[in-house]
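The values are calculated or read from the model by the stated rules, or taken from the named source; none is laboratory data. These figures come from a predicted structure and were not determined experimentally. Cβ sites come from the backbone with ideal geometry, for glycine too, and all protein chains shown count toward neighbours.
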Amino acid sequence: MSNSKDNQPPQAPEAETGAETGRAGDDGRGMASEPMKHYVSDAPFDPYTVETLTPEQERYYLAGQWKLMWWKLKRHKLAVASGIILLVMYLSIIFSEMIAPYNMLNRDIKHIYAPPQGIHFVHDGKFVGPFTYALKYRLNPQTLKREYVEDRTKISRVRFFCSGQSYEWLGLIKMNFHLVCPGNGGTMFLLGTDRMGRDMLSRIVIGARISLTIGLIGVSISFLLGIVIGGIAGYYGGWVDNIIQRLIEIMRSFPVLPLWMALAAALPVTWSPLLIYFGITMILGLLDWTGLARAVRSKLLALREEDFATAAQLMGAKPKRIIGRHLLPSFMSHLIASATLAIPTMILGETALSFLGLGLRPPLTSWGVLLAEAQNINVVALYPWLMLPVVPVVITVLAFNFLGDGLRDAADPYK
Amino acid sequence: MFRYIAHRLLIMIPTMLVISFLVFLIIQLPPGDYLTTLIEELRALGEKPDLARIAEMKKEFGLDQPFIVQYANWVFGMLQGDFGFSFEHELPVQDVVGDRFWLSFIVSVATILFIWIVSFPIAIYSATHQYSWGDHGLTFIGFLGLATPNFLLALVMVYFANEWFGTEIGGLMDEKYVGAGWSWGKFLSVLEHLWIPVVVIGTSGTAAMIRRLRANLLDELQKQYVVTGRAKGLPPAKLLLKYPLRMSLNPFIADIGDILPQVISGAVIVSVVLSLPTTGKMLYEALLSQDMYLAGSFLMFLAFLTVIGVLLSDLALAALDPRIRLAGQATK
């Protein structure tokens with residue numbers, strides 16, 4: 001029945017139509033020597049043959065929006081690399097204390113302003129594995145700079161997966177496990193020490209916890225505000241929209257940093273460091289929602305006119321359902337991309353505020369707090385490694401920018 | 001055009017009112033006021049504060065009145081050119097501010113000029129050599145400029161300016177010109193010191209501008225009229241400069257509105273680092289010591305500077321491209 005190679009004239013109704021067309025063709029050609037061989041396909045007629053998809057096409061066309069986004073994002077190498085870097089950094093903040101070779105608060109008064117120590121492998125022509133040389137201290141009488149020289153006789157081998165200085169993991173569990181520790185009796189200040197002899201590397205690793213989360217929390221706040229306020233403006237339109245639009249314009253036309261400074265200065269000095277931390281995130285988030293609100297509003301206005309929104313409306317869906325179920329998801333990807341691009345501003349904002357001494361205060365450690373110690377011009381001249389916390393700041397901000405760019409490109413997978 | 005300008009000017013009034021209210025709200029936020037801080041400070045030093053005098057001051061400056069009354073007094077005062085009294089400096093605010101406002105203005109304008117001059121050729125190069133090594137390199141440097149906190153850039157630049165050129169650290173002019181009247185020498189000295197803050201503040205704005213101009217120019221270069229022009233044998237330089245470039249120049253003007261708040265923000269923090277005699281340092285100190293009228297006036301100045309800048313850029317844009325005004329009306 002389904003054998004298509006069979007050329008026998010079948011009794012199916014198609015046979016007649018086929019025969020007719022055959023004849024018509026003959027007539028058109030005029031004087032044919034012999035009638036064309038009668039051909040009728042007996043395959044069942046399927047009007048959808050043109051639309052059948054190859055498995056790959058099917059996979060593509062049936063894939064959801066998020067899957068398409070993911071495929072598109074994967075092609076953006078820089079964005080993927082940035083995403084991986086950020087993922088590693090964010091994972092590391094759970095285990096900061098273990099990754100840091102020292103306890104962040106440990107003061108080594110014998111090694112104040114010690115420069116970054118190199119890791120060596122070969123001692124006296126023999127391979128010993130990673131080790132550090134001891135540091136010998138000398139005060140330069142002219143510049144009053146503390147100078148350290150490596151004592152090439154004393155070596156201390158770096159230990160891995162070791163027990164070192166004790167700490168409280170996440171402030172809860174007392175532990176002393178480290179991934180890397182200095183050798184017994186030796187030191188390992190890979191990025192040098194600060195004015196109290198605290199290990200910079202450990203402080204940077206642990207400071208990441210606050211610097212990285214502040215962006216996330218701040219963006220969540222501004223995200224919430226942006227969606228709600230932008231949603232109201234876009235949905236109700238009219239005078240509500242007008243007022244919100246004016247407000248957004250005003251807020252956008254105001255230089256942010258002075259406002260941040262004023263708000264941060266308004267935080268009571270009596271607050272605990274943790275409260276200050278939340279205060280600062282609130283401040284960063286409170287002034288940043290305007291961009292997102294604007295995006296939400298314009299998207300909502302545009303999408304409201306789409307056919308699927310009308311369809312939902314005709315089927316009797318309530319506004320809340322239309323917005324939440326149909327409109328928001330279709331530009332959530334855009335919102336996530338804009339949120340990603342907003343995080344760097346917050347990280348830089350925290351850094352700037354802390355640098356000025358208006359942000360987080362010392363018992364808390366963030367990259368900004370660390371950089372505040374590099375405020376002095378002497379530091380640049382004498383102890384430049386105190387400026388190293390800027391490196392993770394730059395890396396994070398760059399990574400968020402690249403990831404955000406990639407996400408923004410991928411956010412419209414149907415293009 | 002006249003209607004448009006009038007409309008924009010009218011909109012400025014409620015804008016400045018809302019800003020002034022926000023500013024006053026914020027500077028009133030810290031618990032207590034300058035006088036309570038003063039009393040506490042004196043107590044901490046073991047001195048006995050003159051309570052009668054302080055009560056008198058409180059009355060004089062209306063600090064005992066409710067918030068709304070204080071706000072109204074402040075706004076009406078400002079309308080009459082009276083910006084209040086700085087407790088810290090014991091001078092009227094306008095005397096404290098004086099030159100600083102103009103110096104801030106000069107730094108901001110110079111920064112925007114710098115942004116234009118630098119981003120213009122780089123963006124053209126990047127767009128015409130898309131995906132070349134030069135483009136990638138410049139884009140990367142641009143991103144780096146966006147990502148580096150500018151206060152740190154300021155520190156490093158001051159250090160190197162001092163090492164290499166012997167420019168003294170900080171300040172916006174040679175010490176001998178501080179307080180002196182404007183003269184050619186003072187002008188040159190300002191120029192000599194100006195470039196560090198301008199470069200530092202302008203870096204991130206330049207990076208943003210390059211990216212936007214590049215994107216615009218790329219869009220423009222793909223349009224059909226460019227293809228037509230090329231097919232008809234227009235020389236490449238003319239083909240680039242005559243139409244697509246002119247079309248993509250809009251962001252140069254339009255972006256002032258976006259960049260100016262950034263520039264002024266940047267100027268504030270950089271001036272703290274470089275101890276420039278602009279508004280930043282003083283605002284910082286005023287905020288810390290709750291010298292509320294001084295801080296408030298500074299914030300208002302900055303806002304005013306921004307609003308005026310945005311207005312000017314909008315007007316320039318409307319003059320350059322009549323479609324923009326029409327588009328603005330159409331969306332209503």
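Identify all residues within region A:138-165 that are of a type outside the set (D, E, K, R) and surrounded by 14 or more Cβ atoms within 10 Å (Cβ to Cβ); write none if there are none.
Answer for region A:138-165, where residues must be of a type outside the set (D, E, K, R) and surrounded by 14 or more Cβ atoms within 10 Å (Cβ to Cβ): A:Tyr148, A:Ile155, A:Ser156, A:Val158, A:Cys162, A:Gly164, A:Gln165.
Sort out which residues of region A:297-317 are at pLDDT 85 or above and not in a helix (DSSP H, G or I), and write them in order of number.
Those that are at pLDDT 85 or above and not in a helix (DSSP H, G or I): A:Met315, A:Gly316, A:Ala317.
Since A:Leu364 meets every condition but one in (1) loosely packed, with under 15 Cβ neighbours inside 10 Å; (2) at pLDDT below 85; (3) under 19 Å from A:Ile214 (Cβ atoms), which condition does it not meet?
Result: A:Leu364 passes all but (1).
Please indicate, with yes or no, whether at least one residue in region B:203-226 is more than 20 Å from B:Ser126 (Cβ to Cβ) and not assigned by TED's automatic domain parsing to the domain that holds B:Gly257.
Yes - at least one qualifying residue is present in region B:203-226.
Write out, first by first residue and then by second, each pair whose Cβ atoms fall under 7 Å of each other, whose residues are 6+ apart or on separate chains, and whose first residue, in region A:252-281, is more than 9 Å from chain B (Cβ to nearest Cβ) and within 18 Å of A:Gly218 (Cα to Cα) while the second is β-branched (Val, Ile, Thr) and buried (at least 21 other Cβ atoms within 10 Å of the Cβ).
Correct list of pairs: A:Tyr277/A:Ile210; A:Ile280/A:Ile214; A:Thr281/A:Ile214.
Might you check whether a residue that is more than 12 Å from chain A (Cβ to nearest Cβ), buried (at least 17 other Cβ atoms within 10 Å of the Cβ) and not hydrophobic (A, V, I, L, M, F, W, C) occurs anywhere in region B:251-271?
Checked against the condition, which is being more than 12 Å from chain A (Cβ to nearest Cβ), buried (at least 17 other Cβ atoms within 10 Å of the Cβ) and not hydrophobic (A, V, I, L, M, F, W, C), region B:251-271 yields at least one hit.
Considering only helices (runs of 4 or more DSSP H) fully contained in region B:232-274, which possess at least 1 residues that are closer than 29 Å to A:Glu350 by Cα and of a type in the set (Gly, Ala, Ser)?
Because the criterion is at least 1 residues that are closer than 29 Å to A:Glu350 by Cα and of a type in the set (Gly, Ala, Ser), the helices (runs of 4 or more DSSP H) in region B:232-274 that meet it are B:250-254, B:256-274.
Hey, can you tell me all the residues within region B:279-307 that are more than 10 Å from chain A (Cβ to nearest Cβ), more than 11 Å from the chain's Cα centre (by Cα) and under 14 Å from A:Pro255 (Cβ atoms)?
Correct list: B:Met300 only.
Given the criteria in contact (Cβ under 8 Å) with a residue 24 or more places away in the chain, touching a strand residue (DSSP E or B) at 6+ places or on another chain (Cβ under 7 Å) and more than 14 Å from chain A (Cβ to nearest Cβ), does B:Val93 qualify?
Yes: the conditions hold for B:Val93.
If I ask for residues that are facing chain A (nearest Cβ under 10 Å), over 20 Å from A:Glu350 (Cβ atoms) and polar (S, T, N, Q), which ones from region B:134-162 would you list?
B:Asn162
Could you please give the count of residues in region A:222-244 that are within 11 Å of another protein chain (Cβ to nearest Cβ) and either touching a residue at least 40 places away in the same chain (Cβ under 8 Å) or in contact with a Leu (Cβ under 6 Å, 6 or more places away or on another chain) (or both)?
1
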